[in-house]
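Report on one structure; see the data block that follows.
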Amino acid sequence: MTEADQVRKRINELYKKKQESGLTEAEEAERKELHKQFIANFRAGFKQQLDSLVIVDDQGKDVTPEKAKQIQKKKLLR
């Protein structure tokens, strides 16, 4: 199980407990920290997807914006 999976699992556990009986202050603080970590992981993954995106027109020609190409070259994706 990856770290992201573990974070998601723990967030879900805390959510379920919050619905059933409420959370202690420590658990609420843990939930907030896990949520921040989850969002950071999501954003990093999404940015990676965008950075490696290649846009191709109907004729098969690469029409990726120059700025994106430069980022890809910098990250050795091109």
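The values are calculated or read from the model by the stated rules, or taken from the named source; none is laboratory data. These figures come from a predicted structure and were not determined experimentally. Because the Cβ atoms are built from the backbone with ideal geometry, glycine has one as well, and the counts that use them run over all protein chains shown. Protein only, heavy atoms only, side chains kept; ligands, DNA and RNA dropped before computing areas. Shrake-Rupley method; radii C 1.70, N 1.55, O 1.52, S 1.80 Å.
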Check: Is there a residue in the stretch 16-27 that is within 22 Å of the chain's Cα centre (by Cα) and at pLDDT 95 or above?
Finding: no
Check: If we scan the stretch 40-53, do we find a residue that is surrounded by 12 or more Cβ atoms within 10 Å (Cβ to Cβ) and over 22 Å from the mean Cα position of the chain (by Cα)?
Finding: no
Next item on the list: Output the residues belonging to the stretch 21-36 that are among the charged types (D, E, K, R), over 18 Å from ALA4 (Cα atoms) and open to solvent by 60 Å² or more (accessible area, probe 1.4 Å).
Entry: GLU25
Margin query: Looking at the stretch 54-62, can you tell me whether even one residue there is part of a helix (DSSP H, G or I) and modelled with pLDDT under 95?
Written below: no
